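What follows draws every value from the coordinates through simple rules; no lab data is involved. A quick note: this is a predicted structure, and the numbers were derived from the prediction, not measured.
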Amino acid sequence: MKRILLILSALLFVIAACNDEKGIEMDIVETGCMNGWDDFYEGTDDYRHAVTAYLENNNIAVYSVQKINYYSGPVCLACSCSTGNLIVIRIAENDVGKAEQLGFHLIVNGQNNIPLED
């Protein structure tokens with residue numbers, strides 16, 4: 001009976017560990033052409049690769065990168081203007097300070113940092 005309880009406990013631990021989401025989520029507004037990762041595109045438009053390479057170049061461990069569209073209306077075409085997208089990253093907790101220095105913001109309670117219009 002003790003052996004069964006031990007095996008069940010170990011199995012529950014493994015299942016719980018597999019379901020844990022790793023890392024901390026942060027986001028940043030994507031601009032037309034003033035993003036830190038713009039120099040990391042390698043002949044493709046693969047933003048995930050470019051953002052990951054940029055963060056890793058800044059010694060930040062990256063678990064995931066995604067793009068979320070928050071505005072699909074007309075946008076200005078200047079380099080400093082938003083594209084209407086947020087870049088959302090999941091990184092190691094000990095790298096949050098480094099990512100903040102690059103302009104990323106913590107996502108608190110699942111609420112993305114969507115800029116307000118003037």
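Sequentially through the range 86-95, phi angles give Karplus couplings (6.51, -1.76, 1.60; θ = phi - 60°) of 9, 9, 10, 10, 10, 10, 5, 4, 6, 9 Hz, Gly and Pro residues having no value and appearing as x. Summarising the overall dimensions of the range 21-106 from its C-alpha atoms, the Rg and Dmax are 12.6, 38 angstrom.
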